[in-house]
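Asker: Encoded as structure tokens, here's the structure I'll be asking about.
The values are calculated or read from the model by the stated rules, or taken from the named source; none is laboratory data. These numbers were taken from a predicted model, which means no experiment stands behind them. Virtual Cβ from ideal backbone geometry, glycine too; neighbours counted across all protein chains shown. Just the protein is used for accessible areas: all its heavy atoms, side chains included, with ligands, DNA and RNA removed. Shrake-Rupley method; radii C 1.70, N 1.55, O 1.52, S 1.80 Å.
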Amino acid sequence: MSGFDGAAGSVAERLRTWEWIYLGYLVFLPAQPYFSPDPAWWEWPLAIGVCAVTVLLYAVALLRNRSTWGVWASVVPMAVLGALTTPFNAAASVLFIYAAAAAGNSLPWRVARRWFAGLTVLDCATALLSQVPVSYRLLGFGSALVMIWVIGLLELRQRDRRQELENQRLRNDQVELLATLAERERIARDLHDLLGHSLTAVVMRAQLTKELVVADPERARAESEEIERNAREALAAVRSTVTGWRRTSVRAELEVARRTLAGTGVTLRVNVDGEPGLVAATEHELGLALREAVTNVARHARASSCRIGLDTDGERVRLVIADDGIGGDAPEGTGLTGLRERITKLGGSVQRSGSAGTTLVITVPVEAAG
């Protein structure tokens, strides 16, 4: 039942259109017997009957939803009805104009123009066979001769305009969908980087605090305060990530790395060669890459020391994170995959080696960095 209601609603929507106003030209059909000094008895029924049939065919043209089927359901019957009627009522040549409009609304340019040419020939042929006085004949057939092409070509252009607007709407919808997907991926990557690092720090400090509660209460208290601070920072970062305003930097992540690795007993050495002059977007991505790499050192490396270097050679900026842990060639997880995606979007590269410890070399072009 709902399907029937939907179809009925679609039909009603297509019928509610201002295009019905074009049927006003049908008033010319009864005008001929009205102004004729001595009309035959059949002229009035002919004019009224043709008007009624034309209204039905016009409704079919509106309902056909611009399909090829509409050509045979509206264009051809209108042309045939016009050819049969115009020898007796010159105003019936308006049906050729309706047929041209329907063809322009339904058919490709080349095919539609052939229809216009055919309707023109039909208009001229019926003018020669017409029994209507010459004065009425020239008025009806002459105007139709011009309007077949004017209205037909206008309908073709309007149809193309509607199609272009529809294509533009589809393109806009696609762009909006891609933007939504990209934003979801961004949030997913940021949350992974953020929560992976923050929760690792919290877990490790909580384990350390548990061991220090009896042995060193003062240090345990300091570690618990650090846990609270990390948790608050993580909560604030989650909020800013979801709203899209979260930004970090290499400098800020270096400070976080010192605290994180200190809590796991890893000695950190930092070597920053001057100021590479990173733009905010690139610095944010490199900062997140640094965070992911340090998190992996704290979680998996079992390292005793870690080295972080940042330098530039004039063509590219290079970030190096190296540890002396267990290394290995294990498959990359979600974090490293997301890191590669971030750096690739900047036109950079990520190299990972795991023979003696693990070394991660991240490079981005100076054009993206400065």
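Asker: For the structure I just gave you, tell me whether Val266 is within 20 Å of Leu199 (Cα to Cα), modelled with pLDDT of 80 or more and touching a Cys at 6+ places or on another chain (Cβ under 9 Å).
Answerer: The answer is yes for Val266.
Asker: Can you find even one residue in region 266-278 that is surrounded by fewer than 13 Cβ atoms within 10 Å (Cβ to Cβ) and within 24 Å of Val203 (Cα to Cα)?
Answerer: So far as region 266-278 goes, yes, one or more of its residues are surrounded by fewer than 13 Cβ atoms within 10 Å (Cβ to Cβ) and within 24 Å of Val203 (Cα to Cα).
Asker: Does region 85-105 hold any residues that are within 13 Å of Ser143 (Cβ to Cβ) and open to solvent by 10 Å² or more (accessible area, probe 1.4 Å), and which are they?
Answerer: Within region 85-105, Ala91, Val94, Ile97 meet the criteria.
Asker: Moving on to the next point. List the number of the failed condition for Gly9; all other conditions in (1) at pLDDT 60 or above; (2) more than 29 Å from Gln131 (Cβ to Cβ); (3) among the small types (Gly, Ala, Ser) hold.
Answerer: Going through the list (1) at pLDDT 60 or above; (2) more than 29 Å from Gln131 (Cβ to Cβ); (3) among the small types (Gly, Ala, Ser), Gly9 breaks only (1).
Asker: Also: As an exercise: evaluate Gly314 against (1) closer than 26 Å to Gly263 by Cβ; (2) open to solvent by 10 Å² or more (accessible area, probe 1.4 Å); (3) not in a helix (DSSP H, G or I) and give the number of the one condition it does not meet.
Answerer: Unmet for Gly314, out of (1) closer than 26 Å to Gly263 by Cβ; (2) open to solvent by 10 Å² or more (accessible area, probe 1.4 Å); (3) not in a helix (DSSP H, G or I): (1).
For every residue, the table says whether it meets (1) farther than 20 Å from Thr267 by Cβ; (2) surrounded by fewer than 16 Cβ atoms within 10 Å (Cβ to Cβ); (3) of a type outside the set (Asp, Glu); (4) in contact with a Lys or Arg (Cβ under 8 Å, 6 or more places away or on another chain).
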{"position": "Arg291", "(1), (2), (3), (4)": "no, no, yes, no"}
{"position": "Leu319", "(1), (2), (3), (4)": "no, no, yes, no"}
{"position": "Gly325", "(1), (2), (3), (4)": "no, no, yes, yes"}
{"position": "Pro331", "(1), (2), (3), (4)": "yes, yes, yes, no"}
{"position": "Gly335", "(1), (2), (3), (4)": "yes, no, yes, no"}
